[in-house]
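Undergrad: Could you have a look at this structure, given as structure tokens, before my questions?
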Amino acid sequence: MEKEPASKVELAPGVGGGGEIPTFDITLKVRRYNPEVSDEAHWDEWQLTMYGTDRVLDALHKVKWEHDGSVSFRRSCAHGVCGSDAMRINGRNRLACKTLLKDLDTSKPILVEPIKGLPVEKDLIVDMEPFFQSYREIMPFLVSKGHEPTKERLQSAEERDRYDDTTKCILCAACTSSCPVFWTDGQYFGPAAIVNAHRFIFDSRDDAGDMRLEILNDKEGVWRCRTTFNCSEACPRGIQVTKAISEVKQAILTRKV
Amino acid sequence: MQVHKYDVVIVGAGGAGMRAAIESGQRARTAVLTKLYPTRSHTGAAQGGMCAALANVEEDNWEWHTFDTVKGGDYLVDQDAAEVMAKEAIEAVLDLEKMGLPFNRTPEGRIDQRRFGGHTRDHGKAPVRRSCYAADRTGHMILQTLYQNCVKHNVEFYNEYYVLDLLMVDQEVTEDGVTRIQKRVAGVVSYDLASGELHVFQAKSVVFASGGVGKVYKTTSNAHTLTGDGMGIAFRRGIPLEDMEFFQFHPTGLAGLGILLSEAARGEGAILRNSEGERFMERYAPTIKDLAPRDIVARSMANEVREGRGAGPNKDYVLLDLTHLEPAHIDAKLPDITEFARTYLGVEPYTEPVPVFPTAHYAMGGIPTNIKAEVLSDNDTVVPGLYAAGEVACVSVHGSNRLGTNSLLDINVFGKRAGLAAAEYALTADFVEIPENPTTETEELLNRARSSEGGERVALIRKELQDIMDANVQVFRTEQTLVEALRVIDTLEERYTRITVQDKGKRFNLDLLEAVELGFLLDMAKVMTAAALHRKESRGGHFREDYPERDDENFMTHSMAYKDPRATETSGVRLETKPVIFTRYQPMERKY
């Protein structure tokens, strides 16, 4: 344990920041689609005055709450942990609640579209079922044979570290829906399912690695990956998705984890 | 209208709901209804850990944990429930490990443990390492692990099915020659967000696990979706709500935003400082300082700001200082919260202190249950077939102030108990006939919202509600602020009858959803404020400046709030009391 911190310290002037938050104007363009109204999608746009701390989600809320209540999108936690609000923002898959407006080029309209490759239900809402179907198929749960210990299973810190990166997945689908292979071949498992397989294949407590490797050795499995790195760039949790897929490929070839 | 039939219906798919489903799904035909997708639930936002006296890193036992929980709740905790929770904590953590949860490990490969506010060795002598954790994403790991095990056990989910009503019927029962009317559960009514259709679920057992109500406040760590639906449904159907005046303000929300920075930061050695650079918690809690329970830390922070020692240009926050910790240590133990500080405030926690202020975090109160998770319709009458667990419930293990980590524990211990009890009941009980026209009330509710053309905006009414709750029903309260809040809520409620929902469609009508949610928020704000007005003392999370002392003689009781139109003085909320259950510990002065 560290030594006890000082009871009193000199603080640097202006520490913490804050005060007046700057405002700026943006144009928000949202791709609209509602089959109850029309089979055609179209763009709507709004001019909004926003604050320096605002995110794309705040701009969407401002539209929904003050201009057009019919604009539809999913969201919940609003700070990047629940995975509800993955969308295409200026052509890149991101979470709306984690994308600060000030970090975008606000001199041009900000374009917001649904993620690609999954059927659009309404506006920014897509059907997530195909995504979760792939997830379920890779046996995303610990399978442990042999006797259950009375206390916890032991796992060294190094063994725990081996699969740490892929435990961070929040199933937002930003990676899978950024993958060009997934766009053209909806049967492909996609990066998120492989990431979640990786999380168990490399867990020293798990005994079903071979079965998962067999599932992913399928023609719609890891070999469809063309290593374009879109997924790694899209992941809002910073998971090295392409690396995880490569490790699964390697494990299939060597049957060693 | 479609009708489905299940032995057990679980409302909500966060930690408590899915923990219940894992038990119930293996024993009885079970459906889980959630207005989100399961992995979107707010359990996933919990960070710091889950306490259990495993004693993996130092001496500890469940009795010390029980004591800390009772004292932390300022003696308003039902001690039988606290004892159950602290005892079963150990199995609950081991259950999760066996399900695959990737806990951080000790050098020996055991589950690692760290310090947390209010958790102490030997009845308050010093902080103890009791919290089992996975970096600062323990809630995420719990939610994912429970979902994974639901997939494993083929649990049936109805995603984006928003439950709007609880169906109950009155039955005559005769016991010992005495005949009385008893409520029994028949099922629930839900609204399918994708299609806009109503679905009735007939069930022998219904488990409410629908979470909290943080969105009555503006500054909150809670998700947009936490609008008190479950509590509201029960309240409207005549079930009382217990201890609703007790709402926890988590000390360390990112200033101005309310996003949670885990208490684990302080567990790992971070400290709070005021504008003078002073570690002010040394004055308020000399023994455990920054690791005092949340109510005390939040009040101390608010007091520093009130007395002019707040930091920043507006002197309206204090600072969480991690700069004396090794960056490698921060990266290993607190990666997510340091990223939140960087992303949302542009502050680098390695080198700069982080602006923080209390954020509305957790409802200690809720639907009253006993330790079997059975719902009570008064102080001691069980509603057969109705269960509740997690934040929506009040069992009461948290009393007037919940200790950090005890909510992740609560959902696992009482979620499991609820699932087991619901399945067991369903295996012996018969279905109760669904009442005639079961969706009439729900249809009226939706049609009122959809067809009203009064021009009032849902978002504006909600904002005004959140503003008055932040201003008048926050850390400090007085009769004057509470009476004023009730008056404002009454006017907002009147305006709510004149809202206009712009989206008139059926498909994913989330505009309508927000209107319905606002109705629950208004009801719950009213209950919370009326209960706070009723409790003329200060205890735990409820601090009355006009009654600053704890008053055991008059208020060592739970409050029970009933919907009652005759209680016009308190906006249709009637307050009664319920005795606290004592087993081992007599109330003492609460010092840290």
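Undergrad: How much of the pair distance distribution for chain B lies past 38 Å, counting alpha-carbon pairs only, in percent?
TA: Result: 26 percent of Cα pairs exceed 38 Å.
Undergrad: Enumerate the lysines that B:Lys315 could reach by cross-link, defined here as Cα to Cα under 22 Å, with residues fewer than 8 away along the same chain left out.
TA: Partners within reach: A:Lys8, B:Lys218.
Undergrad: Then there is this: With Cβ to Cβ distances under 10 Å as the rule, what net charge do the other residues near B:Ala561 carry (K, R +1; D, E -1)? The partial results should precede the final answer.
TA: Numbers: positive: B:Lys526, B:Lys563, B:Arg574; negative: B:Glu242, B:Asp243, B:Glu245, B:Asp564, B:Glu576.
So the environment of B:Ala561 carries a net charge of -2.
Undergrad: Working from Cα positions, state the angle (0 to 90°, nearest 10) between the long axis of helix A:241-254 and the longest principal axis of chain A.
TA: Rounded to the nearest ten degrees, it is 20.
Undergrad: Taking every residue in A:77-90, how many Cβ atoms of other protein chains lie within 10 Å of its Cβ, on average? Kindly include the intermediate steps, with their values, before the conclusion.
TA: On the way: counts 13, 8, 12, 7, 15, 14, 4, 7, 1, 0, 0, 0, 0, 0.
Mean shielding by partner chains, rounded to a whole number: 6.
Undergrad: Among the aspartates and glutamates, which fall within straight-line cross-link reach of A:Lys145, defined as a Cα-Cα distance under 15 Å, with same-chain neighbours fewer than 8 residues apart omitted?
TA: Cα-Cα hits under 15 Å: A:Asp203, A:Asp206, A:Asp207, A:Asp210, B:Glu97.
Undergrad: OK, next. Under a point-charge model restricted to the Cβ atoms of Lys and Arg (+1) and Asp and Glu (-1), what is the dipole moment magnitude of the protein assembly as shown relative to its Cα centre, in debye to the nearest 20? Spell out each step's value before the answer.
TA: Working: 104 positive and 127 negative charges, 313 e Å.
Once rounded to the nearest 20, the dipole reads 1500 debye.
Undergrad: Put +1 on the Cβ of each Lys and Arg and -1 on the Cβ of each Asp and Glu in the protein assembly as shown; which of A:Ser177, B:Thr491, B:Val8 then has its Cα farthest toward the positive end of the dipole?
TA: Of the candidates, A:Ser177 comes out farthest on the positive side.
Undergrad: Can you compute the charge dipole magnitude of segment A:1-121 about its Cα centre, using +1 on each Lys and Arg Cβ and -1 on each Asp and Glu Cβ, nothing else charged? Give it in debye, rounded to the nearest 20.
TA: Working: 17 positive and 19 negative charges, 71 e Å.
That gives segment A:1-121 a dipole magnitude of about 340 debye.
Undergrad: Among B:Ser210, B:Ser262, B:Ser195, rank each residue by its count of other Cβ atoms within 10 Å, from fewest to most, as a rough exposure measure.
TA: Ordered from fewest to most neighbouring Cβ atoms within 10 Å, B:Ser210, B:Ser262, B:Ser195 come out as B:Ser195, B:Ser262, B:Ser210.
Undergrad: Which pairs, out of B:Lys35/B:Lys591; A:Lys64/A:Lys243; A:Lys62/B:Lys536; B:Lys289/B:Lys333; A:Lys168/B:Lys125, put more than 31 Å between their alpha-carbon atoms? Intermediate results must be reported in sequence, preceding the final value.
TA: Values: B:Lys35/B:Lys591 42 Å; A:Lys64/A:Lys243 39 Å; A:Lys62/B:Lys536 40 Å; B:Lys289/B:Lys333 21 Å; A:Lys168/B:Lys125 37 Å.
Pairs exceeding 31 Å: B:Lys35/B:Lys591; A:Lys64/A:Lys243; A:Lys62/B:Lys536; A:Lys168/B:Lys125.
Undergrad: Let me know the mean shielding of A:131-138 by other chains, meaning the per-residue number of their Cβ atoms within 10 Å of its Cβ.
TA: Details: counts 0, 6, 0, 0, 4, 4, 0, 0.
Other-chain Cβ atoms within 10 Å of each residue's Cβ, averaged: 2.
Undergrad: Sticking with this one: Using only C-alpha positions, report the orientation-averaged shadow area of the convex hull of the protein assembly as shown, nm², one decimal. Before the final figure, lay out the partial values.
TA: Working: hull surface 135.6 nm².
With every direction weighted equally, the projected area is 33.9 nm².
Undergrad: Where in chain B are the helices, taken as whole DSSP H runs, whose Cα atoms extend 24 angstrom or more along the long axis and whose Kyte-Doolittle mean reaches at least -1.0? Intermediate results must be reported in sequence, preceding the final value.
TA: Working: long enough: B:79-99 (29 Å, 0.05); B:406-428 (33 Å, 0.42); B:479-496 (25 Å, -0.37); B:510-534 (36 Å, 1.14).
In chain B, the long hydrophobic H runs are B:79-99, B:406-428, B:479-496, B:510-534.
Undergrad: Note down the relative contact order for segment B:74-195 as a percent, whole number, built from C-alpha pairs under 8 angstrom at least six residues apart. Working shown, then result.
TA: Values: 122 pairs, mean separation 19.9, N = 122.
With pairs under 8 Å counted, the relative contact order is 16 percent.
Undergrad: Further question on the same structure: Helix-only mean residue ellipticity at 222 nm, the protein assembly as shown, DSSP H runs n ≥ 4 weighted -39,500 (n - 2.57), per residue, nearest 500. What is it? Don't jump to the answer; show the numbers that get you there.
TA: Numbers: 24 runs with 266 residues, N = 849.
That calculation yields -9500 deg cm²/dmol at 222 nm.
Undergrad: Here's a follow-up. What is the angle, in °, between the Cα long axis of helix A:191-201 and the longest principal axis of the Cα atoms in chain A? Nearest 10 is fine, range 0 to 90.
TA: Roughly 40 degrees between the two axes.
Undergrad: Something else about it: If packing is taken as the average number of other Cβ atoms within 10 Å across a peptide's residues, how do A:6-14, B:247-255, B:313-321 rank, most packed first? Let's see the in-between values first.
TA: On the way: A:6-14: 12.6, B:247-255: 27.0, B:313-321: 20.9.
Ranked from most to least packed, the peptides come out as B:247-255, B:313-321, A:6-14.
Undergrad: Would you mind calculating the relative contact order of chain B from Cα pairs under 8 angstrom and at least 6 residues apart, reporting the percent as a whole number? All intermediate terms of the calculation are to be shown ahead of the outcome.
TA: Values: 1457 pairs, mean separation 122.9, N = 592.
The value is 21 percent.
Undergrad: Whole angstrom only: what separates the Cα centroid of segment A:56-107 from the Cα centroid of segment A:198-212?
TA: Cα centres, segment A:56-107 to segment A:198-212: 36 Å.
Undergrad: Another question, if that's okay. Roughly how crowded by other chains is peptide A:61-71, in terms of the mean Cβ count from those chains within 10 Å of each of its Cβ atoms? Numbers along the way, then the final one.
TA: Details: counts 2, 1, 0, 7, 8, 3, 1, 3, 14, 9, 4.
What the average comes to for A:61-71 is 5.
Undergrad: Sequence gap at least 6, Cα distance under 8 Å: using those rules, report the relative contact order of segment B:252-358 to the nearest whole percent. Can you show the working numbers first?
TA: Working: 160 pairs, mean separation 37.1, N = 107.
That works out to 35 percent.
Undergrad: Under a Cβ-Cβ cut-off of 11 Å, what is the net charge of the residues other than B:Arg544 that fall near it, where Lys and Arg count +1 and Asp and Glu count -1? Intermediate results must be reported in sequence, preceding the final value.
TA: On the way: positive: B:Arg477, B:Arg535, B:Lys536, B:Arg539, B:Arg550; negative: B:Glu245, B:Glu479, B:Glu537, B:Glu545, B:Asp546, B:Glu549, B:Asp551.
With Lys, Arg at +1 and Asp, Glu at -1, the neighbours total -2.
Undergrad: Also, quick follow-up: Using a 10 Å Cβ count of at most 16 others and DSSP loop calls, identify the longest part of chain B lacking such GluC sites (Glu not before Pro). Mind dumping the intermediate values first?
TA: Values: sites that count: B:Glu58, B:Glu59, B:Glu108, B:Glu197, B:Glu276, B:Glu307, B:Glu433, B:Glu436, B:Glu545, B:Glu549, B:Glu589.
Excluding the exposed sites themselves, the longest stretch runs over B:308-432.
Undergrad: Which entries in the list B:Lys463/B:Lys506; B:Lys87/B:Lys578; A:Lys151/B:Lys152; B:Lys5/B:Lys87 go over 29 Å, if you measure between the two C-alpha atoms of each? Can you show the working numbers first?
TA: Working: B:Lys463/B:Lys506 26 Å; B:Lys87/B:Lys578 25 Å; A:Lys151/B:Lys152 22 Å; B:Lys5/B:Lys87 36 Å.
Distance filter (> 29 Å) returns B:Lys5/B:Lys87.
Undergrad: Grab the other residues whose beta carbon is less than 14 angstrom from that of B:Tyr425, score K and R as +1, D and E as -1, and report the net.
TA: Numbers: positive: B:Arg27, B:Arg29, B:Arg184, B:Lys204, B:Lys372, B:Arg417; negative: B:Asp7, B:Glu23, B:Glu374, B:Glu424, B:Asp430.
Residues near B:Tyr425 contribute +1 overall.
Each value in this text was obtained by applying a stated rule to the coordinates, not by laboratory testing. Only a predicted model underlies this, so the values are computations on that prediction, with no experimental measurement involved. Note that each Cβ is placed from the backbone with ideal geometry, even for glycine, and that neighbours are counted across all protein chains shown.
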